[in-house]
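Report on the structure given below.
The values are calculated or read from the model by the stated rules, or taken from the named source; none is laboratory data. Predicted, not measured: the structure shown is a model, and the values here were computed from it. Ideal geometry is used to build each Cβ from the backbone, glycine not excepted, and the neighbour counts take in all protein chains shown. In case anyone asks, the SASA skips ligands and DNA or RNA and just uses the protein heavy atoms, side chains included. Shrake-Rupley method; radii C 1.70, N 1.55, O 1.52, S 1.80 Å.
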Amino acid sequence: PPRSTLFPYTTLFRSAKAEQSKMVVDAAARLLKELPENAALLRVRADGLANLGQDSEAQAVYEQLLQRDPSDAAVLVNLSSLAGRRKDYASAKELLLRAVKVAPENVELVSRLVGVEMESRGVTKPPEANAEQGRMVLDVADSLLEELSENANLLRFRADALTDLGQDGEAQAVYERLLQRNPGDAEVLANLSSLAGRRKDYARARGLLL
């Protein structure tokens, strides 16, 4: 359809989504009168409030949940998102650091953490130039590794950035460090093979892929 006809549908969709969130919040509030300590209902209510933009109320409920379970990664992430909305990047980062420590293998959490660190530096979108983007990711990864020195996903971010920047020797050292932890990591093996291919060590490249 012509572009102009999309706007009414978009508006209706947003309106329907808001109405649905209101219904969810109301239903959760009614049920919580009978089940006031039910964590799942509290989470549903907090999510609905956040979707409606009622951030302070949502935060209060998430913090109530966090008091019960300080290691709840999902709640930590949601509180971080609320902090990011109000541009409190220090709190957003601290909450995500806690979440990553709880779930260090979660790639999405590490990606969020890198994103928050970039936003805290005033970067709202990645630079178009690959080299500049690579340097920025490398700088952010180095900064975060000071607090999460053994996080495999951050090490992978760092190695990938070094590879993009053509710093093959340093990239290889990081990939090999990762391979020592997990000798069967197919992605790391493939990346090491690519580096071997760059220096025309085809025997090594082939051996890594076999």
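Laid out as a table, the results:
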item	result
Computed lengthening from ASP69 to SER149, 0.36 nm per intervening residue step minus Cα-Cα distance	26.3 nm
R0 of 25 Å, Cβ-Cβ distance GLN133-ASN51: FRET efficiency to nearest 0.05	0.20
Hydrodynamic radius (Kirkwood) for the chain, which is based on Cα pairs only, to one decimal in Å	20.1
Simple label model, 7 Å out from Cα along Cβ direction - SER91 to ARG198, nm	4.2
Long-range tail of P(r) for the stretch 113-210 (Cα pairs > 17 Å, %)	53
Virtual spin-label span in nm between LEU35 and ARG177, 7 Å along Cα→Cβ	4.7
ASP201 accessible area, 1.4 Å probe, all protein chains in place, Å² to nearest 10	60
With all protein chains modelled, accessible area of LYS17 [1.4 Å, Å²]	120
Cα pair count fraction exceeding 17 Å, expressed as % - the stretch 38-108	39
Gyration tensor over alpha-carbon atoms, the stretch 17-67, equivalent ellipsoid semi-axes in Å	16, 14, 7
The chain: DSSP helices with Cα axial extent of at least 15 Å and average Kyte-Doolittle hydropathy no lower than 1.0	73-85
Helix-only [θ]222 nm of the chain, DSSP H runs n ≥ 4, -39500 (n - 2.57) each, per residue, nearest 500	-25000 deg cm²/dmol
Highest average packing first - 48-57, 31-40, Cβ atoms within 10 Å	48-57, 31-40
